[in-house]
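Only one structure is covered here, and it is reproduced in the block below.
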Amino acid sequence: MKNKLISNFFNDKIKQYIFIILTATILSIIFFTKSYSEEKVFTVDNIIVEGKVDLNFSRDKYIKKALDKSFELLMSKILLTSDIKKIKNINKVKYENLVNSFQIIEEVYSKDKYLIKVKVNYSENKVKKLLSEKNISFSNPKKISAVFFPILFLDNKIKNFNENFFYKEWNNIQIENEVINFLLPLDDLDDITKIKAIKNNIEQLNIDSLVNKYNIDNYVFALMNYERNKLKIYLKTKFENNDISKNISYDLKNFNDNEKLTYILKDLKTIITDLWKKNNLVNLSMPLSINLQFKHKNLKDLDGLKNTLNKVTIINNFDLEKFSINNSYFKIYYYGSPKNLRSELLNFGYNLNNDNGYWEVKLND
């Protein structure tokens, strides 16, 4: 009996020591900031540069062209159009230092022609630092689907979709880094009748009633009116429950000028994309912090959250401030808004909840 009690005593002590050692080990590993994690990068893929093979051929010249093109594409992806010009005069040596890795995917010499396809990984932290120095916010919009509803009036006469240049060409003409998958509506006479009836008081139109039949919450409604050499566009968008209205005007002498119409279509797409980017802007000059609790069943769940926090673009770094078997308390430093943080975590399967200032993150079941 005595031996059994001694054995139980030592077993309990051993369990306590094991827990203390494991806790110390875990804390030494998990008491981290994002700067110690594997560096996340911005990737620009499938960059193709072509040229002639002649006496002046230089492979390095085409590699540099591919690098230049990759940087332009990266900036067009994460910056608003109005901010791209602020970064255009950056020294090439400086942005070359932003590159983590450069991979040649394909290289072809064919008679007198040369083709190279590359993939460039940029350092997220270095890119953020550069943008912060220039006081530029960046955007990391996820890809979404939206109904594009173009209504065109020519000299006060509404056009059917099969006569509407913007309807017919919208998905045929592309811009760089498209993040919105546009779906076109059916040519519904009832919808056209509703719009025609209140054309001059379009704010009364319930646009949700037009797009609900497509089972998509996001939409872009464009009411276009061409008369007296002007194309006036009333634009109304709804992206993830955020409504924005905008008026745009273009000079257009001839509505049969397809080159000019193509330019307008591309510009309109760019404006719409910028509206979605603005919804996801990250202000690098104003970092925020949040304290939150994570209830977990085991250490695997805790490790899973750690990996997720390392992947979230708007998180700068984070600390594990308190730790126990089933509860952990983090302090997270991030850019943007709590809404952005909640949306980012939700993409990885975590719910961020706020109960009167008490923040908790939970793994979705």
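The values are calculated or read from the model by the stated rules, or taken from the named source; none is laboratory data. Bear in mind that the values here come from a model prediction, so they are computed numbers and not experimental data. Cβ sites come from the backbone with ideal geometry, for glycine too, and all protein chains shown count toward neighbours.
Candidates are the residues of region 269-302 that are surrounded by fewer than 14 Cβ atoms within 10 Å (Cβ to Cβ) and of a type in the set (S, T, Y); the one that is farthest from the chain's Cα centre (by Cα) is S289. Taking the numbered list (1) modelled with pLDDT of 90 or more; (2) surrounded by 15 or more Cβ atoms within 10 Å (Cβ to Cβ); (3) closer than 18 Å to I272 by Cα in turn, Q174 passes all entries but (2). Residues of region 112-163 that are touching a residue at least 24 places away in the same chain (Cβ under 8 Å), outside any helix (DSSP H, G or I), out of contact with any Leu (no Cβ under 7 Å at 6 or more places or on another chain) and surrounded by fewer than 15 Cβ atoms within 10 Å (Cβ to Cβ): D112, K113, L115, K134, N135, K142, K143, D155, N156, N160.
A quick yes/no check of all residues on (1) assigned by TED's automatic domain parsing to the domain that holds L261; (2) surrounded by fewer than 13 Cβ atoms within 10 Å (Cβ to Cβ); (3) basic (K, R):
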residue: F165; (1), (2), (3): yes, no, no
residue: K168; (1), (2), (3): yes, no, yes
residue: P185; (1), (2), (3): yes, no, no
residue: F221; (1), (2), (3): yes, no, no
residue: N247; (1), (2), (3): yes, yes, no
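Looking at L352, is it aliphatic (A, V, I, L, M), touching a residue at least 60 places away in the same chain (Cβ under 8 Å) and over 27 Å from S139 (Cβ atoms)? Criteria not met by L352.
Which residue, of K266, K260, K238, is surrounded by fewer than 18 Cβ atoms within 10 Å (Cβ to Cβ), assigned by TED's automatic domain parsing to the domain that holds E169, over 19 Å from I158 (Cβ atoms) and in contact (Cβ under 8 Å) with a residue 24 or more places away in the chain? So that I can check it myself, show each step before the final result.
On the way: K260 fails: in contact (Cβ under 8 Å) with a residue 24 or more places away in the chain; K238 fails: surrounded by fewer than 18 Cβ atoms within 10 Å (Cβ to Cβ).
It is K266.
With the structure loaded, tell me whether I180 is at pLDDT 90 or above, out of contact with any Leu (no Cβ under 7 Å at 6 or more places or on another chain) and within 25 Å of D83 (Cα to Cα) or whether it fails that test. Spelling it out, I180 is indeed at pLDDT 90 or above, out of contact with any Leu (no Cβ under 7 Å at 6 or more places or on another chain) and within 25 Å of D83 (Cα to Cα).
Go through region 304-324 residue by residue and tally those that are in contact (Cβ under 8 Å) with a residue 60 or more places away in the chain and either within 21 Å of K142 (Cβ to Cβ) or not in a strand (DSSP E or B) (or both). Can you show your working first?
Filtering region 304-324 down to residues in contact (Cβ under 8 Å) with a residue 60 or more places away in the chain leaves 306, 309-311, 313-320, 323.
Among the residues that remain, those that are also either within 21 Å of K142 (Cβ to Cβ) or not in a strand (DSSP E or B) (or both) are: 306, 309-311, 313-316.
Of the residues in that region, 8 qualify.
Summed over region 85-111, residues that are closer than 14 Å to R59 by Cβ and outside any strand (DSSP E or B) total 0.
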